[in-house]
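See below for the structure under consideration.
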Amino acid sequence: MHLSALETALADHPWLHGDQRGFADAALFPFVRQFAFVDMGWFAASPYPNLRNWLNRWLEDTLFLSIMEKYPRWEPDQKPISLPVVSRAA
C-alpha cells in the first residue's frame, strides 16, 4: 500500500477502517514507523498529515510506550543489565 493510499484512508477517520484501530493499523504501524524514522525531516514535511497524526497516535499510546521502555546503553565495563520478568496471565 502506498503512503498516499494510507493518507486517503485516514482522511475521515483516525484509524484505517474507522473510529477504532484494527488489525490493518497494527500490521502497518511497524513498517510506517520504520519508514518515517529513516528520514524524519522528510516525513515531517511530507504531504501526509493524516498519516503523521496516525503514527503519532501509535507513538503516544500507553500500551506501545509500556512495551518500548528505553534502557541505558550497556557498556563492556558495566554489570549486566537484568530486564524485568513479565508474567503471563493464565
Test: residue in region 67-78 that is part of a helix (DSSP H, G or I), open to solvent by 50 Å² or more (accessible area, probe 1.4 Å) and within 30 Å of A9 (Cα to Cα): yes
Any chance W15 is touching a strand residue (DSSP E or B) at 6+ places or on another chain (Cβ under 8 Å) and aromatic (F, W, Y): no
Filter result (among the aliphatic types (A, V, I, L, M) and more than 22 Å from the chain's Cα centre (by Cα)) within region 48-82: I81
Test: residue in region 69-87 that is acidic (D, E) and touching a residue at least 12 places away in the same chain (Cβ under 8 Å): no
Residue ID - least open to solvent (accessible area, probe 1.4 Å), chosen from residues in region 13-22 that are modelled with pLDDT under 95 and farther than 16 Å from D61 by Cβ: G18
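The values are calculated or read from the model by the stated rules, or taken from the named source; none is laboratory data. As the structure is a prediction and not an experimental result, all values here were calculated from the model. With ideal geometry, Cβ positions are generated from the backbone for all residues, glycine too; neighbour counts draw on all protein chains shown. Areas reflect the complete protein model, heavy atoms only, side chains present, ligands, DNA and RNA absent. Shrake-Rupley method; radii C 1.70, N 1.55, O 1.52, S 1.80 Å.
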